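This report concerns only the one structure given below.
No lab work stands behind these numbers, since they all come straight from the coordinates. The structure displayed is predicted, hence computed values, not measured ones. Backbone-built Cβ (ideal geometry, glycine too); neighbour counts: all protein chains shown.
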Amino acid sequence: MPFAICIKIHGKKHCFPLPVPVPTHHGPDPGPINFPELELATTILTVAPDLKDVAFAKELTAIARRFVDGVKSGLPNGVELDEVKT
């Protein structure tokens, strides 16, 4: 469910949709994303250090890390999922 910030101006409600950084639909080009949950987890791990609410960032990070660790443990031999610092 997307969110919007809404304010009343002269009695009329105006809403501004918040962007969703991870695509919620997958079209024919470039093709379906095979693992949207992993994409969401990596997005969280990327942006969490920039959040001002440290406690919220810690909770998000813990959940995302737990998910990524589960993905790592299920990979076949010879396949790795590495975190790359940019």
task = Work out how far the C-alpha atoms of the stretch 34-86 reach from end to end along every principal axis, then list the three figures in whole Å, largest first.
result = 39, 22, 17
task = Give me the net charge of Lys72's neighbourhood, meaning all other residues with Cβ under 13 Å from the Cβ of Lys72; Lys, Arg count +1, Asp, Glu -1.
result = -2
query = Which order results if Ile7, Ile63 are arranged by neighbouring Cβ count within 10 Å, fewest first?
reply = Ile7, Ile63
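Net charge around Leu51, counting only other residues with Cβ within less than 12 Å of its Cβ (Lys, Arg = +1; Asp, Glu = -1)? Don't skip to the answer; put the middle values down first.
Numbers: positive: Lys52, Lys58; negative: Asp50, Asp53, Glu59.
So the surrounding residues net to -1.
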Karplus (6.51, -1.76, 1.60) ³J(HN,Hα), θ = phi - 60°, over the stretch 10-17, in Hz, Gly and Pro reported as x = 6, x, 10, 7, 10, 10, 10, x
